[in-house]
2 protein chains.
Amino acid sequence: MAIAKTELEFMKEALPFWNALSQNQKERIEATASAFTVKKGQSLHDGSQDCLGLILVKSGHLRAYILSDTGKEITIYRLFERDACIFSAACMLKNITFDISIEAESESRVLLIPTAVYNELNESTLAVSGFTNQLISSRFSDVMWIMEQVLFTSFDRRLANFLLEQSAVEGSDTLHITQEAIANHLGSAREVVTRMLKYFQSEGMVSLFRGGVTISSRKKLEKLSEK
Amino acid sequence: MAIAKTELEFMKEALPFWNALSQNQKERIEATASAFTVKKGQSLHDGSQDCLGLILVKSGHLRAYILSDTGKEITIYRLFERDACIFSAACMLKNITFDISIEAESESRVLLIPTAVYNELNESTLAVSGFTNQLISSRFSDVMWIMEQVLFTSFDRRLANFLLEQSAVEGSDTLHITQEAIANHLGSAREVVTRMLKYFQSEGMVSLFRGGVTISSRKKLEKLSEK
């Protein structure tokens, strides 16, 4: 799985530490990086089982989530074009003791620097270590936001927020997403989502169809999400 | 507030990057580090208002928590002897967008490297950058643990866990902590804590007194916490 020239160019541009690398280091990445396509719904990383390396999203989008023993989930962050993720190389990070899973939410093209290579760079080069730091901090902030939402925000507001976010991701007011999937994003139960969506429908904010939700009043949803 | 020789020695030992520093860098820390005592209940860091620097606990213990607009809290981690905290220098960390507060849970002696000094070290020295990385990763893991607890663990089990942890911290089965304070640790409401503690009492796990809780059956609590 060698990497095409255009994809290598994309990587050079997207990684802020590239210019701080030595010629040797650059060649090592060029020789070991790979690119692959992940289908919608396909898993890319599954907890501590995997330790692929640093991934960089070239197109499409991924979601990272945690999973309980009983199969309950919550989405902790999403990755879009040019976003990098270090938790797919979590084994190289001391003190990271949690497992996350990553799957594609739409067909995605992903570039990869293998863990061993990235770890070498991280341990020898200040600019790479600084980048790792920023990546972890950024995801940490995402997770703190989710935690504040879960703890301090009412469920109606979280659901309104999610529908608006999902609409931005899909670029449409018609969201092809099941109530089960919404529950998994929000760390909630399907019954709770169903009840709240029916309430939203009765208030004229959304209309429900088999396998999805249509936003009928963006204004009302936005008002609720800002409550 | 200069730093005493014994406290400087403690700092040298507790900071794993010390030996990787240049003579100049060591002298810069020695000249700028300070030490101070924080009384029980006193605030040490209050969200984005403060940006003290890297703190290192010499004795006592601190708790870090987040606070909602409505005054609801949850403890996200605790710091004990030799623990360092970087979020008291959060302003130097790119991509950290959340605010935490830190207060002393018992009278504590705290050593401090000012933000500007630590930031210089962090941006120039790989060993320091690696240490920052490990600190952030470690707190991130703490927060993920809390999040999993909040999302996936029943409240009775979380409360049992908390009482056992608190007993280890206080070194006693008699815990001088109000139900309000327990609620703040767990991100819950006082009423919920009261109800569950009364249930624990009826099951012979604890007995309640004004201003505190006594663990009467550690065995039963442990069994519940492992459920």
Query raised in the report: For the range A:120-161, how many residues meet the condition of being assigned to a helix (DSSP H, G or I), under 22 Å from the mean Cα position of the chain (by Cα) and either of a type outside the set (D, E, K, R) or under 17 Å from B:Leu67 (Cβ atoms) (or both)?
Result: 26
Requested in this report: Starting from residues that are within 17 Å of B:Asn184 (Cβ to Cβ) and within 11 Å of chain A (Cβ to nearest Cβ), keep the ones in the range B:148-165 and report whichever is surrounded by the most Cβ atoms within 10 Å (Cβ to Cβ).
Outcome: B:Val150
Query raised in the report: Picking from B:Phe140, B:Phe162, which residue would you name as being of a type in the set (Phe, Trp, Tyr) and touching a residue at least 12 places away in the same chain (Cβ under 8 Å)?
Result: B:Phe162
Query raised in the report: List the pairs whose first member sits in the range B:100-129 and is within 13 Å of another protein chain (Cβ to nearest Cβ), whose second member is assigned to a strand (DSSP E or B) and among the β-branched types (Val, Ile, Thr), and whose Cβ atoms are under 6 Å apart, counting only residues at least 6 apart or on separate chains?
Result: B:Ile100/B:Ile66
Report task. Can you give me the number of residues within the range A:200-223 that are part of a helix (DSSP H, G or I), out of contact with any Phe, Trp or Tyr (no Cβ under 9 Å at 6 or more places or on another chain) and at pLDDT 90 or above? Result -> 6
Report task. Name every residue in the range B:40-62 that is touching a residue at least 60 places away in the same chain (Cβ under 8 Å) and within 15 Å of the chain's Cα centre (by Cα), in order of residue number. Result -> B:Lys40, B:Gly41, B:Gln42, B:Ser43, B:Leu44, B:Leu54, B:His61
Report summary line: Out of (1) out of contact with any Lys or Arg (no Cβ under 9 Å at 6 or more places or on another chain); (2) of a type outside the set (S, T, N, Q); (3) modelled with pLDDT under 95, the one B:Glu165 does not meet is (1)
Query raised in the report: Listed residues A:Ser88, A:Ser59, A:Ser48, A:Ser43; which is at pLDDT 95 or above and either buried (at least 21 other Cβ atoms within 10 Å of the Cβ) or of a type outside the set (Val, Ile, Thr) (or both)?
Result: A:Ser59
Query raised in the report: Which of the residues that make up the range B:169-227 are β-branched (Val, Ile, Thr) and either under 25 Å from the mean Cα position of the chain (by Cα) or loosely packed, with under 15 Cβ neighbours inside 10 Å (or both)?
Result: B:Val169, B:Thr174, B:Ile177, B:Thr178, B:Ile182, B:Val192, B:Val193, B:Thr194, B:Val213, B:Thr214, B:Ile215
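The values are calculated or read from the model by the stated rules, or taken from the named source; none is laboratory data. All values reported here derive from a predicted model rather than from experimental measurement. Neighbour counts run over all protein chains shown; Cβ positions are idealised from the backbone, glycine included.
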